[in-house]
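Notes follow once the structure below has been shown.
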Amino acid sequence: WLWKQSSTSDTQAYLRTQKTRPKKSLGQNFVVNDELLAAIVREAHIQPGDVVFEIGPGTGNLTRYLLQAGAEVTAIEKDDTLAAGLAQACAQEPKFTMVHADVLALDLQAVIAACLAQKQHTRARSRKVKIIANLPYYITKDCLRQVLPLGDSVSLVYLMLQEEAAQRLVVEGPGTPHYRAMNVFVNFYSLPRYEFRVDKSSYHPQPSVDGALVRFRLLPQAERLPMSAEATFWRMVDQAFAERRKMLRNSLQSLYEGALVTATLQRIGLPDTARAQDLSVAQFVALFQNLTSQT
Ligand code: SAM
């Protein structure tokens, strides 16, 4: 199994043996380009002893390359048939663990902690894990919200995204047209980097748009901006962007008095006409810390 290729015909043949077809509902577009799979593993600097969590392994096309590179792989797959198929294919592989679950329903932090505690007794050398995911595009944001805050136990996250979504996550900043709450979130918890474009012909079945690989270098808590109450902070950021064309003194009215927002903006050196789309991550944090110290 390990030396099988990942072409479209190999993947189709494997799906036939499992008596299943690609499911749209689970965003199943499998990578069928061996050069691309090798490039992902190279880009992620996968080395023997690395502990890798692969989310959505599907037919195992990338899993095979991760194992070949010497990684200890924990795969999290929601699809009943594909999870069982991969677990069976890897039954003799000591470096492989299957978690048959919906990643969004998992306490990932606990699963990673348990895995690292177990690895302390093996030859794995990592104190942190790498995460690699090629997930349905519609759960990308939820998955990022789940994974990016895990900087104390996860070093790097590699995510395959739609090309346009990848650009928006990495390129947008204060003042650019598509700057959103998600950009503040990404840049608070990580240093994102666009790696490379992935042509849609690299997938089976072929999606309608190209993809891209994005790397997120996660910041451990000690390296993030100091933050007292993260949940309340994100409520403020989400509220600010919910009405992003409004001035903050108006858009934040349901949380803080307009006059207080105006005075706080001035105190931190911002115009009282500022809108969500104007503020950097550090400025949002300064606004929040000053607002909460006065209420
Ligand atoms: N990694 C494989 C590859 O590159 O060929 C498959 C990628 S495919 C785009 C997405 C995979 O994620 C599928 O195997 C799908 O069943 C799985 N998946 C979808 N939603 C999931 C979820 N919530 N939790 C875990 N796996 C999920």
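The values are calculated or read from the model by the stated rules, or taken from the named source; none is laboratory data. Remember, predicted model here, so these are calculated numbers, not experimental data. Because the Cβ atoms are built from the backbone with ideal geometry, glycine has one as well, and the counts that use them run over all protein chains shown. Heads up: the accessible areas ignore ligands, DNA and RNA and are worked out on the full protein's heavy atoms, side chains in. Shrake-Rupley method; radii C 1.70, N 1.55, O 1.52, S 1.80 Å.
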For this session: Could you please tell me which pairs satisfy a Cβ distance under 7 Å, a separation of 6+ or placement on different chains, a first residue in the range 27-46 that is farther than 14 Å from L159 by Cα, and a second residue that is aliphatic (A, V, I, L, M) and within 13 Å of the ligand (Cβ to nearest atom)?
Result: G27/L135; I46/V52; I46/L66
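So that you can scan it fast, the table gives a plain yes or no per residue for (1) buried (at least 22 other Cβ atoms within 10 Å of the Cβ); (2) at pLDDT below 95:
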site	(1), (2)
E54	yes, no
G60	yes, no
A71	yes, no
E77	yes, no
L82	yes, no
Q109	no, no
C115	no, yes
P136	no, yes
Exercise. Just checking, how many residues over the range 261-283 are touching a helix residue (DSSP H, G or I) at 6+ places or on another chain (Cβ under 6 Å) and closer than 16 Å to F188 by Cβ?
Worked result: 2
For this session: Those residues that are in a helix (DSSP H, G or I) and over 24 Å from E230 (Cβ atoms), I need them from the range 177-213; list them, please.
Result: K200, S201, S202
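Table: residues versus (1) touching a Gly at 6+ places or on another chain (Cβ under 7 Å); (2) of a type outside the set (K, R); (3) buried (at least 17 other Cβ atoms within 10 Å of the Cβ).
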{"position": "R168", "(1), (2), (3)": "no, no, yes"}
{"position": "P177", "(1), (2), (3)": "no, yes, no"}
{"position": "R180", "(1), (2), (3)": "no, no, yes"}
{"position": "F185", "(1), (2), (3)": "no, yes, yes"}
{"position": "F188", "(1), (2), (3)": "no, yes, yes"}
{"position": "P192", "(1), (2), (3)": "no, yes, yes"}
{"position": "F196", "(1), (2), (3)": "no, yes, no"}
{"position": "P205", "(1), (2), (3)": "no, yes, no"}
{"position": "G211", "(1), (2), (3)": "no, yes, yes"}
Exercise. Which of the residues belonging to the range 50-63 are away from the ligand (no atom under 14 Å from the Cβ) and β-branched (V, I, T)?
Worked result: V51
Exercise. Within 16 Å of S155 (Cα to Cα), within 13 Å of the ligand (Cβ to nearest atom) and not polar (S, T, N, Q), is that true of A101?
Worked result: no
Exercise. Looking at A89, A105, which one is closer than 29 Å to T17 by Cβ, open to solvent by 50 Å² or more (accessible area, probe 1.4 Å), out of contact with any helix residue (DSSP H, G or I) (no Cβ under 7 Å at 6 or more places or on another chain) and not charged (D, E, K, R)?
Worked result: A105
Seminar exercise, completed: Of the residues in the range 1-49, those that are open to solvent by 40 Å² or more (accessible area, probe 1.4 Å) and within 11 Å of the ligand (Cβ to nearest atom) come to P22, K23, K24, S25, L26, N29, N33
